[in-house]
Amino acid sequence: MASEEPTRDKCADFPVTGQLEFPYAQDIRGLPPTLVVSLTDDPTTPYSGAVALAESIGSTLLTVEDQGQTVIARGLNDCADAIAAAYLIDLELPEGAPMCAAEK
């Protein structure tokens, strides 16, 4: 399951300060229906960050119960690939809160 590490801004390690503050997505209006994809055990972008992003922009969150960083279109999870393909090709979002179990 997801680690309990606190969410932190990875850009904080950069030597140059940017203009954005955390959290970045606030009061966003007029976005088309959006799919956010997150692995539950991603060491770089914690799952809690994906949950917060999806809530803040009113998107559908696809949860993939696995570790790693990138899952879509890598042949690692047929469930996640099918949902992402339906979204990218046909602009179809899944109902509810879709979840894919680890496969490979």
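The values are calculated or read from the model by the stated rules, or taken from the named source; none is laboratory data. Small disclaimer: the values here were computed from a predicted structure and weren't measured. Cβ sites come from the backbone with ideal geometry, for glycine too, and all protein chains shown count toward neighbours. What goes into the accessible areas is simple: the full protein's heavy atoms, side chains included, and nothing from ligands, DNA or RNA. Shrake-Rupley method; radii C 1.70, N 1.55, O 1.52, S 1.80 Å.
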When every residue in region 48-90 that is among the β-branched types (Val, Ile, Thr), part of a loop (DSSP other than H, G, I, E, B) and open to solvent by less than 60 Å² (accessible area, probe 1.4 Å) is compared, the one nearest to ARG29 (Cα to Cα) is ILE72
Restricting attention to region 59-100, the residues that are over 15 Å from the mean Cα position of the chain (by Cα) and small (Gly, Ala, Ser) number exactly 5
Of the residues in region 27-47 that are out of contact with any Lys or Arg (no Cβ under 9 Å at 6 or more places or on another chain) and open to solvent by less than 40 Å² (accessible area, probe 1.4 Å), the one that is farthest from LEU93 (Cα to Cα) is ASP42
